[in-house]
Structure formats: C-alpha cells, structure tokens
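The values are calculated or read from the model by the stated rules, or taken from the named source; none is laboratory data. Only a predicted model underlies this, so the values are computations on that prediction, with no experimental measurement involved. Every residue, glycine as well, gets a Cβ built from its backbone with ideal geometry; the counts of neighbours run over all protein chains shown. Just the protein is used for accessible areas: all its heavy atoms, side chains included, with ligands, DNA and RNA removed. Shrake-Rupley method; radii C 1.70, N 1.55, O 1.52, S 1.80 Å.
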Amino acid sequence: MMALRAGLLGIGMMGRHHARVLREVEGLELVAIADPGGDPHGVAAGLDVLPDVEALIASGVDIAVVAVPTRHHFAAAMALAEAGIHTLVEKPIAHSTEAGRLMAHAFSSRGLVGAVGHVERFNPALQELRRRLANGDVGEVYQIATRRQSTFPARIADVGVGMDLASHDIDLTAWVAQSEYKTVYAQTTFKSGREYEDMIALTGRLSNGVIVNHLINWLSPMKERVTVVTGDRGTYIADTATGDLTFHANGTIALEWDSVSSFRGVSEGDVTRFSFAKREPLRVEHEAFRDAVLGLPSNVVTMEQGLHTLEVVEGALTSAADGASVTF
C-alpha cells in the first residue's frame, strides 16, 4: 500500500515532535512542511520550509497536521477541508466554539477525517486505565479527579491555562468515563501579569452522574500529571508523566480496631502497580489518525469530541467570570 503523503503546518515546540513522529510511523511519509517563521529547531531535514497553508496544499498532500498557535487553527483547517485533505489539528480545536463547530461541519460534510490532537488520551497509563474500567474492574465509578501543575511555559502566548491544560483533563475524563459533561463550576486567578488565567479549579458532574474535579495551574515549582478514579472496589491512580498505573483496592479483611474502622469507612486493601507496554502517546495518536483515514477501526479524537471539550472549557471560564455553574 502506498504511504499517505503527510504535510505539517507549524514546526515550533510541538510541531517539531510531529515532524519526528510523522517520519517514524509506518504508512506515513512526511513530504511537506510549512511555517512562516522558518525552521527554528532544524527539523526540516532536507525539505523546503513552505511559507503558508496554501503552499502546503499545493504540494499535493493526502493528510495534514496543524500545529500552529490556537488563533490560527480555524483558517488553516478550513482551507485544508476545502482542499479535501484529512486533517489533525492540535488541541484545542479552535479559539471559540463557533469556529470549532464550523470546522467540524466542514470536515464531516465532505466525508473527511477531522481529528483533534488531545494526545493525553493516548498515554499508556490512561489507555490501560480505560481498558480496566471497561472490564468493570473498579465497579461503579464515583469520581474522577485530576491534578495538572507546572511552571509557566514561555511557548504559550495566546491562551490561558484553561484552554491549554484544562482541555487535556476534560477530554481524558470524558473519554475514560465514556460520558460527556453535564455541569461545571470553576474559579480562576491571574498571578503572572497576563490577560489570561494561570490557575483554574473546576468541579462538575458528567451525564452519567460521575463527580469530576480538576486542579490546574502554571504556578507550581513542581510538575504533576495525575488522574484519580474512585469506584466501589477501589481507586486507580494514573501518573501520565511516568505512564504508571496503580490500583488501591478496598480491603476485604475486617478491622478489629473499632475507632480506626469507624473513622476510615472502607478499609485499606492491596496496592498493585501494573506492568504493561508503554508506547509514545504521540506515535499512537498518529497511528490512530492514519487508521481513521484508511477506514480502519480507530479511537482518534474526532472534531465533534474536541468541540465538546472546548464548550466545557468556555463554560468553565464563563462560570469563573459570572460565579455561577454552567449546564450543557
């Protein structure tokens, strides 16, 4: 089978990783790169750096990856859809839900694959977690809580922590639970002198009744990427920074110490850290995109799913501004 001819728009901090993976994935051939800012990380490797998306389209690509700043997603994706090119757009899907809705329609109405690069969904710890939840290993899920904290990234200039990081946690939570968000309430703060928020705390509920909580900021001197799923048989902890998944089971041995038993509720059981294959999430994401384009079974993040994530992010920011919860 002929390899799909791939084009890449944007070779900045994220685009450079897309360039590497596009060259590594079987069935894909990186044939064109475009970036008006040139090649700051030296990833072109013999390819001419084209000036814009129009030049990328003219090069005759079958698929494209858009890794430019969020404010440019809409124009680039609409041009690619008009040209009939299957496209993976980095998250968030767009700068606004209105733009995201138009993008999703542009691809679906033409029978094209439109995908969004929510790469955390492809983290091995979360892939394994999703498999075990689907097997019913934790029983009924009660709550999903995430923590995503780090120092401020100088590369981000056009969005706040909600768009950049909360979008990760919202997408992975809806996917892990297999349920969309029903309500959300949020609070934000601005401490770094920018017009965009650098800390956000969200709480809400999914349509299936699961309670969700997200703590996210760019103000922490340590890096943390944790997802905690609590159910009626125990708690899973997925560390997406290391790709580890641990299960804390509810205890099956009755406690004889009455004061401790009454305080703890469920008792502590065995703790298991699982062993499983750990593949690079970005590579798995590109394989899913390739398979979707080829009409094979795929768990690629659709533009419709990316749009729901953006709606929840915008709802959270509206909630923070208005002081009231938002229902979807």
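Sort ARG5, ARG132, ARG233, ARG273 by heavy-atom solvent-accessible area, probe 1.4 angstrom, most to least.
Order by accessible area, largest first: ARG273, ARG233, ARG5, ARG132.
What's the extension gain from GLU140 to GLN178 if we count 0.36 nm per residue and subtract their Cα-Cα distance?
12.4 nm
Net charge near ARG101, counting Lys/Arg +1 and Asp/Glu -1 over other residues with Cβ under 15 Å of its Cβ?
Taking every Cβ under 15 Å from that of ARG101, the sum is -4.
What residues qualify as long-range amide H neighbours of ASP244, i.e. H under 5 Å apart, gap of 5 or more or another chain, H built at 1.01 Å from N?
Amide H neighbours of ASP244: ASP239.
Counting other Cβ atoms within 10 Å of each Cβ, which chymotrypsin sites (Phe, Trp or Tyr not before Pro) in the stretch 265-318 have at most 15 and sit in a DSSP loop?
Values: sites: PHE274, PHE276, PHE289; in loops: PHE274, PHE276.
Those that pass, being in a loop and sparsely packed, are PHE274, PHE276.
Mind pulling the angle between the C-alpha long axis of helix 73-82 and the longest principal axis of the chain? Nearest 10 degrees, somewhere in 0 to 90.
Roughly 60 degrees, rounded to the nearest 10.
Could you work out how much longer the chain between THR242 and SER207 gets when fully extended? Use 0.36 nm per residue separation minus the Cα distance between them, nm to one decimal.
Here the answer is 9.6 nm.
Using R₀ = 51 Å, calculate the FRET efficiency as 1/(1 + (r/R₀)^6) where r is the Cβ-Cβ separation of MET13 and THR252; round to 0.05.
The value I calculate is 0.60.
Mind counting lysine pairs for me in the chain? Cα separation below 26 Å, and the two need to be 8 or more apart along the chain or on different chains.
The result is 6.
When DSSP assigns beta bridges and you keep just the ones with both residues in the chain, what percent turn out antiparallel, to the nearest 5?
Roughly 60 percent of the beta bridges in the chain run antiparallel, per DSSP.
What is the gain in length, in nm to one decimal, between GLU54 and GLU82 on full extension, counting 0.36 nm per residue of separation less the C-alpha to C-alpha distance?
Taking GLU54 through GLU82 to full extension adds about 9.0 nm, to one decimal.
Between the DSSP loop rule and a limit of at most 14 other Cβ atoms within 10 Å, which GluC sites (Glu not before Pro) in the stretch 136-221 are left?
GLU140, GLU195
For the stretch 74-129, just the Cα set please: Rg and Dmax, both in angstrom.
That works out to 12.7, 38 Å for Rg and Dmax.
Quick one: compute a quarter of the convex hull surface over the Cα atoms of the stretch 1-105 and quote it in nm².
6.3 nm²
Determine, for each peptide in 208-215, 299-306, the mean count of other beta carbons within 10 angstrom over its residues, then list the peptides with the highest first.
299-306, 208-215
Just name one of PRO281, GLY269, GLN305: the one whose Cα is farthest towards the positive end of the charge dipole of the chain (beta-carbon charges, Lys/Arg +1, Asp/Glu -1).
GLY269
What is the magnitude of the charge dipole of the stretch 163-305 about its Cα centre, with +1 placed on the Cβ of each Lys and Arg, -1 on the Cβ of each Asp and Glu, and no other charges, expressed in debye to the nearest 20?
With only Lys, Arg, Asp and Glu charged at Cβ, the dipole is about 80 debye.
Under a point spin-label approximation (7 Å from Cα along Cα-to-Cβ), what is the ALA324-VAL226 distance to one decimal in nm?
It works out to 3.5 nm between the two label points.
Choose one of ALA45, ALA34, THR97: the residue whose Cα lies farthest towards the positive end of the charge dipole of the stretch 1-108 (beta-carbon charges +1 Lys, Arg; -1 Asp, Glu; about the Cα centre).
THR97
If I build a Gaussian network model for the chain, linking alpha-carbon pairs within less than 10 angstrom, which residue out of ALA45, ALA115, ALA134 has the largest mean-square fluctuation?
ALA45
Under the √(5λ) rule applied to the eigenvalues of the Cα gyration tensor, what semi-axes describe the equivalent ellipsoid of the stretch 187-328? Give them in Å, descending.
32, 26, 17
When the convex hull of the C-alpha atoms of the stretch 15-77 is computed, what volume per residue in Å³ does it have?
89 Å³
Can you list the residues, at least 5 places off or on another chain, whose amide H is less than 5 Å from the amide H of GLU268, using H built in the peptide plane?
When sequence neighbours closer than 5 places are left aside, the close amide H contacts are GLY251.
For P(r) over Cα pairs in 20 Å bins from 0, in percent, which listed value, [x] 39, 58, 3; [y] 30, 56, 13, 1; [z] 25, 44, 28, 3, comes from the coordinates shown?
Comparing each candidate, only [y] matches the computed number.
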